[in-house]
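These notes are about the structure you will find just below.
The values are calculated or read from the model by the stated rules, or taken from the named source; none is laboratory data. All figures in this text were calculated on a predicted structure; none of them were measured in a lab. Using ideal geometry, Cβ is built from the backbone for each residue, glycine included, and neighbour counts are taken over all protein chains shown.
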Amino acid sequence: MADLIYLAVVFFVIALILGILGIRGAGISMEIAKWLIIVFIILAVLSLILGGSFHLAALQLAQLGI
């Protein structure tokens, strides 16, 4: 899940740079960063509630190709 936070920070920095330069793509980068943070928070809460079993189930489903 640390990868989600890393990607969110990267897209946030991209959005800041584009915003400073006045380029229109800043809104898209900010939206991507926002959704990555939302997904991270949802997965973190599920992981805390289910005691990490959610993470293991997700990995097993990914290995099965589902």
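Couple of notes before you dig in:
- The range 2-22, residues that are farther than 10 Å from A33 by Cβ and not aliphatic (A, V, I, L, M): D3, Y6, G19, G22
- Elements of the type helices (runs of 4 or more DSSP H) sitting completely within the chain and holding at least 2 residues that are at pLDDT below 80 and more than 10 Å from the chain's Cα centre (by Cα): these cover 26-50, 53-64.
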